[in-house]
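The values are calculated or read from the model by the stated rules, or taken from the named source; none is laboratory data. The shown structure was predicted, so the numbers you read here are calculated from the model rather than taken from an experiment. Using ideal geometry, Cβ is built from the backbone for each residue, glycine included, and neighbour counts are taken over all protein chains shown. What goes into the accessible areas is simple: the full protein's heavy atoms, side chains included, and nothing from ligands, DNA or RNA. Shrake-Rupley method; radii C 1.70, N 1.55, O 1.52, S 1.80 Å.
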2 protein chains.
Amino acid sequence: MNQDYIKPDNWSIIEEGFDVESVKSSESIFSIGNGAMGQRANFEENYTGETFQGSYIAGIYYPDKTRVGWWKNGYPKYFAKVLNAPNWIGIDIEINGENLDLNACAKVKNFRRELNMKEGWYNRSFEATLQNGTEIKVNIRRFLCMDLDEVGVINYEITPLNKEAKIIYKPYIDAGVTNEDANWEEKFWEPLETKDHENEAFVTAQTFKTHFKVTTFMQNSILENGKKLNLSPEIVSATKEKVQFIYSVSIAKGEKSSIQKIGGYTVSLNHENTLSGAEKVIKEALAKGYDLLLAEQIETWSKIWEMSDITIDGDVKAQQGIRFNIFQLNQTYSGKDSRLNIGPKGFTGEKYGGSTYWDTEAYCIPFYMATKDQQVARNLLTYRYNQLDKAIENAEKNLGFKNGAALYPMVTMNGEECHNEWEITHEEIHRNGAIAFAIFNYHRFTGDYSYIPEKGLEVLIGIARFWHQRANFSKDKNQYVILGVTGPNEYENNVNNNFYTNYIAKWCIDYAYEQIQKVSLEYPSDHKRIIEKVKLSDVELQDWKKVSTNMYFAKSEELGIYLQQDEFLDKDLVLVKDLDKSQRPINQKWSWDRILRSPYIKQADVLQCFYFFEEHFSKEELQRNFEFYEAFTVHESSLSPCVHSIQAAKLDKMDMAYAFYLRTSRLDLDDYNKEVGEGCHITSMAGTWMSIVEGFGGMRVKDDTLHFSPKIPKEWTGYSFKINFRNQILKVSVNHKETQFHLEGTKNLTVFVNGKEVNVAPNSLITV
Amino acid sequence: MNQDYIKPDNWSIIEEGFDVESVKSSESIFSIGNGAMGQRANFEENYTGETFQGSYIAGIYYPDKTRVGWWKNGYPKYFAKVLNAPNWIGIDIEINGENLDLNACAKVKNFRRELNMKEGWYNRSFEATLQNGTEIKVNIRRFLCMDLDEVGVINYEITPLNKEAKIIYKPYIDAGVTNEDANWEEKFWEPLETKDHENEAFVTAQTFKTHFKVTTFMQNSILENGKKLNLSPEIVSATKEKVQFIYSVSIAKGEKSSIQKIGGYTVSLNHENTLSGAEKVIKEALAKGYDLLLAEQIETWSKIWEMSDITIDGDVKAQQGIRFNIFQLNQTYSGKDSRLNIGPKGFTGEKYGGSTYWDTEAYCIPFYMATKDQQVARNLLTYRYNQLDKAIENAEKNLGFKNGAALYPMVTMNGEECHNEWEITHEEIHRNGAIAFAIFNYHRFTGDYSYIPEKGLEVLIGIARFWHQRANFSKDKNQYVILGVTGPNEYENNVNNNFYTNYIAKWCIDYAYEQIQKVSLEYPSDHKRIIEKVKLSDVELQDWKKVSTNMYFAKSEELGIYLQQDEFLDKDLVLVKDLDKSQRPINQKWSWDRILRSPYIKQADVLQCFYFFEEHFSKEELQRNFEFYEAFTVHESSLSPCVHSIQAAKLDKMDMAYAFYLRTSRLDLDDYNKEVGEGCHITSMAGTWMSIVEGFGGMRVKDDTLHFSPKIPKEWTGYSFKINFRNQILKVSVNHKETQFHLEGTKNLTVFVNGKEVNVAPNSLITV
């Protein structure tokens, strides 16, 4: 795929021309979602070429039996994965006796896809000559309602170009779907019942094992030149898992025939009776009708953009890239429901099981915190609070911890660990740290302390207990050590004293300790409730502090750096720039042992620590560590470049900062890694946002105040971003000469720009 | 299973009483083999209870598609596993209209199994009352001919006890078999053709993928009171993969009816035409007949015992245990064929795929070297020589080495790596060391240097090149280090500078270097041939030496010990004796991360080094290291206690030495680990032999001379063993007062006993 595949455009993602080789990639890129459901850009009509079918419902998962080569104690029995959900979009089309199939047409021209990010819809159009000679023009628009979030809408319009056409529309809903990544080729859905009534049909199915009940529904209308016909299906065919309607129409050359399909899901998470729920939802959608639903969609997206848009002047590809990232993040997670979270591929593919990773806390929360109501970030924190019991159970039953120590899973749907590689599942324990850090970060940004006495403190205590038990005292070093871990850099396994892990472990204990003191003073009844619940004694607290105050950190005095782990300097320290290009990416070229013993870093590790705890270190320390580690970092994780970009900007290495920024902002649109067909990299998109806001904009929150140190890549003429800071929207616009602030709000806001205090009055423009 | 399950007996393994719970265990323990084929003690007649069917042919394997949870570069695509071979033993039996099935009989009594180790046969007898009221007595004897090693013989004898019986014998051969451990439930055998002729039948099948062709054959005779009847099968039923004959006889109460079945395999490894080969083999076996075949079997085993027996006086269970071990080793590997090797479970189960591990070089070669003609050990060395090209390919293609560096596989059938855990496949590279050490050990024991210029030197060069490339220079330590390995102690993964690995790496380079010099001087034409072939320059040789002379070894000066690996002393050093019993065995109780960061040692690691290179260290060093590491060793590998037993004996810790000895000698007979049903621990049986000969007997070879330092456990009154030392058999008998030597040979032999020179004349008894 080349860089011309997606046409540059400020607000839309556009593909022109039909290429069977790009179908799977485009299915990912043109995915739509509304936080509650998602849909890959699969064709409605039958397609016999290569395709990866994917419809997804947030929160609906299946515990697929673990597949391993060699079992190890402590492995979870299941990997909970996002389900390919029943198909609601399908419309088989027959034209003059021939099935429409873009893979079998005599000719396809003017094929075009557009994902209109400003308005939140996806459009596909083409002209085709069928094997029977009929020429048709087709235009299909599809969207998933952001408001009525159980509903998707399709308008499928056909114009015969050279003769009259007899068109048979065969819309269907089908629960007979499978996952491509099923471990044992099992079916995940058990069909329960079907129902049809006039133009409506319902297929109710439940997931095996988890027993989530889902009613998939459709309602169809046939139109001629935009006017609804009073048609009922001629034939209804129904099996246990599929209902299909047949409508026949004849349409003259040049006239427009269309089918409007309303479809979607009602799920037992939200409905006691999913069938009657579906009937109600259809009624609601029908009452509004297609045009109003579309108008509402545009309106809702316009509000989203008002709070979260980033503009980039002078670089349309960069503009398109950042908007695509913001658009996808909003499609993936709306923040309404604390039972949901953000899968690394969102609703664009099956990979990574659609589960929750530490990506959420480390990379996504800053975006949602700054561009949404603060309740959204609070819901993400609450998600972990609600899974605390499972994290304690995980630490106890699987890993042998005790006394309420909590280890959050590496990968999860419902709080149970899903992943099964010991080096990750058992050793990549730093994830616990990010979950505690997110609580700190939420309070720092929003100023809302109430979350901590209400819920957060219990999480902090469980995590501090884990670190306390996980460290052990080394007589040899006369300090506490943390042995056998995998740090954020997953190109090391089972190392001792990973700097990031030891640092965040110490920080977690200290932070939990401080919050206990603070809650004790300021929220005594919460303090009492919690301490009684978790049975925390002063003796235990003092034991914690012994570990945190006497934690070991490996350093090199000579180089003035912290060591990523013990003995890092024993490696054969060949710089990335001196590594033969033919050896990259090393994760595709090298065996695992070779990767492990090499000095190459998959993603920010020591530098991740400097990112989280920037204020704990001097700029000189940052510079020394950045220069040392950056030279060994291969950034083979999509989550890596953003941290380096932010730090490069801070260190005035703007060319480098910009290069790192570029590396992720169009990762999927330009398909750098030739894998976008599997789905888009949703969680790393939040890192791209961070690169601009925290990197180029230099935004930080210190002592309840926003700080900026705006910089601008020389390739741009200007850029702007918006921040929801404590319920006021601040727009920051940067060009090569000045920075402007505009505040939508009611109260004066003091910010610091390059250390200088600036007062921003509501609804006025301040230029610095 | 309790310790009374197997009756104590000096020469036989005996089970009495029928217990459905023990069937699978007994099927392993009573397995028979002849080096070319093996057979679990499955019943000939149909059995509907729980059973684990297993027939195995040496050298016939199937590359089963690898199953992993998460693929890593460098993993092999296949795991070559020993095949469950076509069934040649089956004889369905019908008596007065009822199928004989021990799981369905009204009553079974006097059930008895005997594995007569002295004579090499397996007998099963019982009395059963059928549901139809017929009472019968049954006696079945089975053996696999040691000489005619493609042939097995069964004599199945039935005596009706309370009435006349109409007996229908339905012997069959069947290629429709599967492996229990198939990764993808595939069939491994493709049937090709069947043939039958009078009392003979043949099923020819080939393995999928590897296309080994095997003709499974049978020839049946029906006897009455021991006299052959001139009967042909009444009915022959044949499918594509199975032929079954039906013979009906009537036999009066108290008379004996029997079927004699000759069966077995001819394989394409040894026959151009397996079918005509089978016909010839049957003719040969028939010409001898059952009685002569049995007599030959007894004769052959008597010769084996003459060279390899160990006697123990005053402890029948210990006597039975050690003989069982020697018997199984002889059943597993005869040493005739350098294409074969010794699977960890021999022919007693599927586990470990029946493949070759470093067990062969580290544990088995000393036994075969001392109790067989030296050609047998030479064949085991040649096996690796023949796989050198594959080892070079493995290092190059899978792991990125170059220039002829060889990494032998962890697990193999044909020289290709089969195992797929990076921490073992890629990191447990010390196996290379044992393969080089075996060459040294062979020369040390046999005095036959010719193997080195002929074949061994090329292997040594490939291995030295591997170590040279695998080590890297640490600027920080100013020495060469070996990072990211798994040592013999598999309870550590990805550690730096495992002492054993570093030591044997250095030794391999030095030994290869010395042999190159020696061959250069003493075998100049071989030297020229080899150096030209492998393109070895003096520059490269000097580079090797840089690594070996400047290799890093971690030590603790304070404790006076070598460190198993860097940072071993950072662990929480709780002794095994202080570990709660409920936590053992840790490999069943603990998650992998917990095992890894614990100090507990699965099997001898630093001490394995002291075992191989005893003369490089002082007794005080051994004592300090032994006392330190033994206290952390959990011996959860069956290969561990033997090394500790030998060293404990050397250190005059005889109670400990004896306890370690006991731990393996009856491992399978007493089923300590509740897993004998999966098969017996064949390779560790050689360690039991080593415990007596090298441990209690203190046998060493130094400067072409045998040394002994005999000790005896207080529980025994005496013991003896035999050694084939350079083509003379030396019998060593030890009791609490003295040691006696008896030499079967022609030349005087000088030995050292506790450092004192003793001359042993042929065919006379010397008492010391």
Q: Would you be able to say whether some residue in region B:611-620 is within 14 Å of another protein chain (Cβ to nearest Cβ) and either closer than 30 Å to residue B:512 by Cα or aliphatic (A, V, I, L, M) (or both)?
A: no
Q: Kindly indicate the residue of region B:577-605 that is open to solvent by less than 20 Å² (accessible area, probe 1.4 Å) and farther than 30 Å from residue A:419 by Cα and also farthest from the other protein chains (Cβ to nearest Cβ) among those meeting that condition.
A: B:604
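Could you tell me whether residue A:510 is within 14 Å of another protein chain (Cβ to nearest Cβ), under 23 Å from residue B:570 (Cβ atoms) and of a type outside the set (Lys, Arg)? Show your work before the answer.
Numbers: within 14 Å of another protein chain (Cβ to nearest Cβ): no; under 23 Å from residue B:570 (Cβ atoms): yes; of a type outside the set (Lys, Arg): yes.
No; evaluated as a whole, the condition is false for this residue.
Taking the conditions exactly as written (aromatic (Phe, Trp, Tyr), more than 28 Å from the chain's Cα centre (by Cα) and open to solvent by less than 20 Å² (accessible area, probe 1.4 Å)), does residue A:245 satisfy them or not?
Values: aromatic (Phe, Trp, Tyr): yes; more than 28 Å from the chain's Cα centre (by Cα): yes; open to solvent by less than 20 Å² (accessible area, probe 1.4 Å): yes.
Yes.
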Q: Select from region B:535-563 the residues that are among the small types (Gly, Ala, Ser) and either within 30 Å of residue A:398 (Cα to Cα) or surrounded by fewer than 19 Cβ atoms within 10 Å (Cβ to Cβ) (or both) and list them in ascending order.
A: B:537, B:556, B:560
(Q) Checking residue B:720 against (1) under 20 Å from residue B:363 (Cβ atoms); (2) open to solvent by less than 20 Å² (accessible area, probe 1.4 Å): exactly one of these is not met. Which one? (A) (1)
Q) What single numbered condition from (1) assigned to a helix (DSSP H, G or I); (2) free of Cβ contacts under 8 Å to residues at least 60 places away in the same chain fails to hold for residue A:26? A) (2)
**Q.** Checking residue A:605 against (1) of a type in the set (D, E, K, R); (2) free of Cβ contacts under 8 Å to residues at least 24 places away in the same chain; (3) in contact with a helix residue (DSSP H, G or I) (Cβ under 7 Å, 6 or more places away or on another chain), the condition it does not meet
**A.** (2)
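Using the structure shown, decide if residue B:707 is surrounded by fewer than 24 Cβ atoms within 10 Å (Cβ to Cβ) and without any contact (Cβ under 8 Å) to a residue 12 or more places away in the chain. Spell out how you get there, then give the answer.
Values: surrounded by fewer than 24 Cβ atoms within 10 Å (Cβ to Cβ): yes; without any contact (Cβ under 8 Å) to a residue 12 or more places away in the chain: no.
Here the answer is no, as residue B:707 does not meet what is asked.
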Q.
Taking the criterion of being touching an Asp or Glu at 6+ places or on another chain (Cβ under 7 Å) and at pLDDT below 95, would at least one residue in region B:625-639 satisfy it?
A. yes
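Could you tell me whether residue A:566 is open to solvent by 40 Å² or more (accessible area, probe 1.4 Å), within 14 Å of another protein chain (Cβ to nearest Cβ) and in a loop (DSSP other than H, G, I, E, B)?
Numbers: open to solvent by 40 Å² or more (accessible area, probe 1.4 Å): no; within 14 Å of another protein chain (Cβ to nearest Cβ): yes; in a loop (DSSP other than H, G, I, E, B): yes.
No, not satisfied.
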(Q) For region A:515-548, give me each residue that is within 37 Å of the chain's Cα centre (by Cα), at negative phi and assigned to a loop (DSSP other than H, G, I, E, B). (A) A:523, A:536
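Identify all residues within region B:149-175 that are charged (D, E, K, R) and either within 28 Å of the chain's Cα centre (by Cα) or outside any strand (DSSP E or B) (or both); write none if there are none. It would help to see each step written out before you state the result.
Of the residues in region B:149-175, the ones charged (D, E, K, R) are B:149-150, B:157, B:163-164, B:166, B:170, B:174.
Answer for region B:149-175, where residues must be charged (D, E, K, R) and either within 28 Å of the chain's Cα centre (by Cα) or outside any strand (DSSP E or B) (or both): B:149, B:150, B:163, B:164, B:174.
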**Q.** Selection status of residue B:73, away from chain A (no Cβ under 14 Å), in a loop (DSSP other than H, G, I, E, B) and open to solvent by 40 Å² or more (accessible area, probe 1.4 Å)
**A.** no
**Q.** Selection count where residues are more than 20 Å from the chain's Cα centre (by Cα), in a loop (DSSP other than H, G, I, E, B) and closer than 19 Å to residue B:411 by Cβ, scope region B:38-67
**A.** 2
Q: Among what's in region A:435-444 and is under 21 Å from the mean Cα position of the chain (by Cα) and surrounded by fewer than 24 Cβ atoms within 10 Å (Cβ to Cβ), pick the residue that is farthest from the other protein chains (Cβ to nearest Cβ).
A: A:441
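Within 30 Å of residue B:704 (Cα to Cα) and surrounded by fewer than 21 Cβ atoms within 10 Å (Cβ to Cβ) - does that describe any residue in region B:472-485? Lay out the reasoning, then the answer.
Quick first cut of region B:472-485, residues within 30 Å of residue B:704 (Cα to Cα) only: none.
Checked against the condition, which is being within 30 Å of residue B:704 (Cα to Cα) and surrounded by fewer than 21 Cβ atoms within 10 Å (Cβ to Cβ), region B:472-485 yields no hits at all.
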Q: Identify the single condition in (1) on the phi > 0 side of the Ramachandran plot; (2) more than 14 Å from chain A (Cβ to nearest Cβ) that residue B:352 does not satisfy, given that it satisfies every other one.
A: (2)
Q.
I need the helices (runs of 4 or more DSSP H) fully contained in region A:388-503, keeping only those with at least 1 residues that are polar (S, T, N, Q).
A. A:431-446, A:457-470
Q) Among the residues of region A:666-673, is any modelled with pLDDT under 95, in a loop (DSSP other than H, G, I, E, B) and open to solvent by 20 Å² or more (accessible area, probe 1.4 Å)? A) yes
Q: Could you run through region A:1-23 and say how many residues are open to solvent by 40 Å² or more (accessible area, probe 1.4 Å) and in a loop (DSSP other than H, G, I, E, B)?
A: 10
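Of all residues in region A:623-632, which are open to solvent by less than 10 Å² (accessible area, probe 1.4 Å) and outside any loop (DSSP other than H, G, I, E, B)? Working first, answer last.
We begin by selecting, within region A:623-632, every residue open to solvent by less than 10 Å² (accessible area, probe 1.4 Å); these are A:625-626, A:629, A:632.
Listed by number, the residues that qualify are A:625, A:626, A:629.
Within region B:674-700, track down each residue that is outside any loop (DSSP other than H, G, I, E, B) and open to solvent by 10 Å² or more (accessible area, probe 1.4 Å). Working first, answer last.
Step one: of region B:674-700, the residues outside any loop (DSSP other than H, G, I, E, B) are B:676-678, B:682-696, B:700.
Answer for region B:674-700, where residues must be outside any loop (DSSP other than H, G, I, E, B) and open to solvent by 10 Å² or more (accessible area, probe 1.4 Å): B:677, B:678, B:694, B:700.
Mind checking which residues of region A:740-760 are open to solvent by less than 100 Å² (accessible area, probe 1.4 Å) and over 23 Å from residue A:372 (Cα atoms)? Outline the logic, then answer.
As a first pass, look at region A:740-760 and keep what is open to solvent by less than 100 Å² (accessible area, probe 1.4 Å): A:740-745, A:749-753, A:755, A:758-760.
Across region A:740-760, the qualifying residues are A:753, A:755, A:758, A:759.
Could you list, in sequence order, the residues of region A:549-559 that are over 18 Å from residue A:570 (Cβ atoms) and either without any contact (Cβ under 8 Å) to a residue 60 or more places away in the chain or assigned to a loop (DSSP other than H, G, I, E, B) (or both)? Write out each step before concluding.
Let us first name the residues in region A:549-559 that are over 18 Å from residue A:570 (Cβ atoms), namely A:549-551.
Passing the criteria: A:549, A:550.
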Q: Scan region A:450-491 residue by residue and report those that are within 14 Å of chain B (Cβ to nearest Cβ), farther than 16 Å from residue A:551 by Cβ and among the acidic types (Asp, Glu).
A: A:490
Q) Taking residue A:379 and the conditions (1) assigned to a helix (DSSP H, G or I); (2) away from chain B (no Cβ under 14 Å); (3) surrounded by 24 or more Cβ atoms within 10 Å (Cβ to Cβ); (4) within 20 Å of the chain's Cα centre (by Cα), which numbered condition does it fall short on, given that it satisfies the others? A) (3)
Q) Is there a residue in region A:266-289 that is in a helix (DSSP H, G or I) and under 22 Å from the mean Cα position of the chain (by Cα)? A) no
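Based on this model, can you work out whether residue A:178 counts as outside any loop (DSSP other than H, G, I, E, B) and in contact (Cβ under 8 Å) with a residue 12 or more places away in the chain?
Values: outside any loop (DSSP other than H, G, I, E, B): no; in contact (Cβ under 8 Å) with a residue 12 or more places away in the chain: yes.
The answer is no for residue A:178.
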Q) Restricted to region B:633-665, and to residues that are outside any loop (DSSP other than H, G, I, E, B) and among the charged types (D, E, K, R), which residue is least open to solvent (accessible area, probe 1.4 Å)? A) B:650
